[in-house]
Structure formats: C-alpha cells, structure tokens
1. So who's got an amide H within less than 5 Å of the one on residue 495, skipping anything under 5 residues away but keeping other chains? H placed 1.01 Å off N, in plane.
2. Rolling a 1.4 angstrom probe over the protein chains, ignoring ligands and nucleic acids, what is the accessible area of residue 462 in square angstrom, nearest 10?
3. Report, in debye and to the nearest 20, how large the dipole of the range 39-115 comes out about its Cα centre when Lys and Arg carry +1 and Asp and Glu carry -1 on their Cβ.
4. At q = 0.11, 0.21, 0.26 Å⁻¹, what is the log10 ratio I(q)/I(0) for the range 56-151, with the Debye formula run over Cα points and no solvent?
5. So which of 176/299; 254/287; 259/318; 467/494; 177/299 end up more than 19 Å apart, counting from Cα to Cα?
6. If you rank 279, 75, 234 by how much accessible surface each has, with a 1.4 Å probe, what is the order from largest down?
7. Holding the Cα-Cα limit at 32 Å, pick out from 161/344; 245/339; 56/185 the pairs that are longer than that.
8. Probe 1.4 Å, all protein chains in place: accessible area of residue 451 in Å², nearest 10?
Amino acid sequence: MSYTALYRKFRPKNFSEVVGQDHVVQTLKNQIKSGRIGHAYLLAGGRGTGKTSTAKILARAINCLNPQDGEPCNECEICKAMLDGSLTDVVEMDAASNNSVEDIRSIKEKVNFLPTLAKYRVYIIDEVHMLSTGAFNALLKTLEEPPEHVKFILATTEPQKLLATILSRCQRFDFKKISNENIIKRLKIVCEESQIQITDTALNLIATLSEGAARDALSILERCVQDGETNIDENKIKDLVGIPKFNYVHSIIKGITEKDIETSLKAIQDILDEGKDLENFLWEMIKHTKNILMYKVSKKNDIYNEEEIEQIGKLSEKVAKEELINIIYKLSELENKMKMTSQKTIIFETEVIKLCMKIEIPTQSIQPQKIYETPKVQTNTYTQPSPAQAQASAEKTEQKQMISQKEIKPVKLAPGQVIPGWQTVISNLKSQGKLMIYTNLIGTEAIEINDMTVAIRFNNGLNAFRKSVLEKPENMSVLTKEISVICGKPMQIKLEDAAGNGSASTAKTASIKTEIPKAQVQTTKEEPDSLEDLGIDINFIEEE
C-alpha cells in the first residue's frame, strides 16, 4: 500500500473537522440545510487554512444522497465516489498550471452536459488568481449565469489579484489564520491516532512555526517521524527545521548587547565549525532579537522552554527597547550587504564587531570641487557623486547643523540691537557647505528691527548679485531658519544696504564669465572679495 502524507490522511471529511473556521462552515451548513445553495463560491485565505478541504466537503454535501444536518454522510455512493476520486461530475483544476483561455473554454464546452450520477456538476478551481486575463474574461459569462446543474467553487490565497467582475459574481468567504490552540488540538488528535509521543513544548513549537497553517503543522510533524522515531521533543524539531541551537544565537546577541566582542566571535566560529549557513543564521539572529523585544514588551513567548525564557528575561531587563530595535535594523542591513558580496564571513564578522563596539565607521565625505582651475578658465566639469558619497555628505551636513544649533543660544534683544551670534551663524553656513550664502554674508551684521523682523545690514553695499543669490527661496529658507533659532522665535528677514547705494535692484547686476563673443564683452569695474572662495570669475557690469 502506498504511503499517504499526514495532511492528506487527516484531511477533514466533515465541516465539523475543519479547524478554526467556524464562521465559514456554519454559514455553508445553513445554506445546505435550507436549500439556498449559491452558484459560485470564493474561498479566500492563507495557505493551509482549509480552503481546498472545505471546497471538497461542500461539493460532497450538496450532492450527498443522505445529508445530515448540512454535513455529507460519506457513506452513500456519491460520497464514496468523490472520496476516492472516481466521480467525474466533480472536476478539480489547478489554475497555476491550467491558466490559459483554452483550459477555461474546455469548461465552457462541458457545462451544458448534465451530470452522470450526482445532482450537480461541480468545478473546483484552486489558486484561481493564477488565471490569465483572457481566461478570466472567458469565465465571466459562465460564472455569472451557469446552468442550474453547475456550481463553481473558487479558492485563492490572493483575492486582491482577482478582477472585480469575478468577485462580484461569487459569494466570498474569508478564512482566518488558525490559532495555536486549535492547531495544538488537531495535532494531539493526529498524534493519538498515529501513536506518536510528543511533549507539550514540542506541540507549542510546531504550532508557532506553522504560523496559522494546519497543513504546515502536519508537515513538520511528519518530518519528525520519518526516521521511525515516535518520541518527539523540541530539540528534534529545531534540528529538523534548521533552527540553530539556542546557546549559539543567544550568546551572540548577548555579546552584542553587552559589547563583548570575544563572546560574539566565538559564537560565530562555533556556527562555522558546524557548517551552518551564515545567511540563515543571520535570519535567526534577527528573529531572536525580535523575540527578545516581544518578550520585553509582552512577557510572552511560545517558542522557548522555561530555561531559555529565563535567559531571555534576564537579557531583556538589561537592554532598552530602542537598542533592540536598532540591532534588528542593523542586522537587516547586514542581510542586504551579504547578498551582494562573495566574502560573506568577513562582512558578517566585521559588522558584528561594529555592533559590539557601538561605533559608526565614517565614510569619506565629499571634498568641495572647484568649478574652475584658474579665474580665466571658461568651462567646467562636474562629477556626479555616488549614492554612498551623497548619503555620507548629507549625514555629515545634518550632524553639523545639529551641532551648530546647540552652539547658538536664543537671545532676547531690544529693537535696534545687533545680534551677537550672527558671526557664528555665518561660520556655521560655511561648515555646512553653503558657500554661496556664506561668501555673500561676509562683513554683514544682523539687527533686530522689531519682534517679527531682523535686518541683515550690508555695510559694504548690497549689489544686485548678492540680492539675487540671497533672495532665492531655498537660501532665504536657510537664513530664516538660522535667524529664528538664534532669536528663539519665528522671524522674517529684510536685506538692508548700509552703504547708501540706493535700491539693490537698480544698483548693479552680476554676470558669471562664460564663453561670450569678444564683441559682447564689456569692461569690468570690480570683483568682490567675498566670492574668491568659490573659484568663480565674476564681472560686474554697469547697467545701461
């Protein structure tokens, strides 16, 4: 006799055996008892939650010759034929491998034929979301108005991929993840009938690992008895599913939180000596850190035994939630790095050492590149920074901004007083790399006019070029922010010409020297010292 997998051997044969889906099976039973059977059903939910089993039970129940309280009897000729798969009136189709228009057309051609033995011809289409668009369109009309002797039962794990026109033609039932308690109850029944001895801790572990899927739970249980051993504990389950020993994972996370490099590296070496895959081990580290965090928050954990929970509890008391979250993020970043390199061990060990040392290795920041080699050069080249350089520069700039704001303390001034921290603001702009703003503010002073306005006074004169640069929205936003910080309240800015050159808009205009035909070049009048740091050759030209 051929071997039958546990999940097939113990597949539910009645609605009462379907685990954790009472809201679905009760409605279906009521429809069968009252004779109000729909023409199309959609069963949606995660893997292993009972969709296909419920579809098979429903197909038998509506065709059963002797139904009992909405349940199939499983004893009549029709039920037995369905159970052994010999009844041609019930057609099961896997849409993952039969998803073409021709497959659906073959159904359309046969729906008009009356069933041979059963009352209804039933089509069970599993993973229906895998049908092609053409196949869906071919199914629409038949699904909306099938012959009275035809019923459709569709099952899917991804109902969001179905066309709205398909959804509107079906009675939809959503299957929930099965609770650990219900999975454990089902596993106990299977173990009793299969004469399997299993500990309660092992049952809890299987239920947790199955993540709400009864089929997955039975598959894990089956792997545990493949060697002929019927005594199962949690250690055997961990070995079979590839969970590293608790001591390895816990010791390395403990080493990271306690900044103990030696302990962490020893745990890594033990893992390498056993031939474990580092990427899988890294994933276990992330999960273990998450479990410590969840235990710290909720004091609950179903994966570990009492001794392990005690160790987790001690560690969770010594480390803050924020640090555990940071470790999870850093390990996740390491996971991405390891996918992009062939030197996995080196990268893994280096990043673990960095976590233990609690340091950030600085990336070389972008060095300002002069646009012109000499004042007379008329062309320029610009090198696009790499994403890593750009990110490093942004982080450095943000850090400098935070430092600069700490250095500046809000001051209270009377109208007409000079703001004492203005020179610090100008220096900070230079350190932040905002050279265009910095050079145009050299020699200025800031004076509070009233409670809402600060004047930036240009003692050497405010020409049109300076005004155009500083009045750019992005530059004015920076200045407004800096002024508001130093004043301790939102302020507006006014540019003031103290040299008496008249309106800035009519005094002088600036032009950057580029490749201009000789006939169009006008004689220069002056070049401001404040732009020398930029390496830009500026000619100031009198307006006509």
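1. For residue 495, whose amide H was placed from the backbone, the distant partners under 5 Å are 456.
2. Accessible area, nearest 10 Å²: 10 Å².
3. With only Lys, Arg, Asp and Glu charged at Cβ, the dipole is about 240 debye.
4. Evaluating at q = 0.11, 0.21, 0.26 Å⁻¹ gives log10 I(q)/I(0) of -0.34, -1.04, -1.30.
5. Violating the 19 Å Cα-Cα cut-off are 176/299; 177/299.
6. The residues order as 75, 279, 234, largest area first.
7. Checking Cα-Cα distances, 161/344 exceed 32 Å.
8. Approximately 100 Å² of residue 451 is accessible to the 1.4 Å probe.
The values are calculated or read from the model by the stated rules, or taken from the named source; none is laboratory data. No experiment lies behind these values; they were computed from the predicted model shown. Please note: Cβ atoms are built from the backbone with ideal geometry, for glycine as well, and neighbour counts cover all protein chains shown. Ligands, DNA and RNA are excluded from the accessible area calculation, which covers all protein heavy atoms including side chains. Shrake-Rupley method; radii C 1.70, N 1.55, O 1.52, S 1.80 Å.
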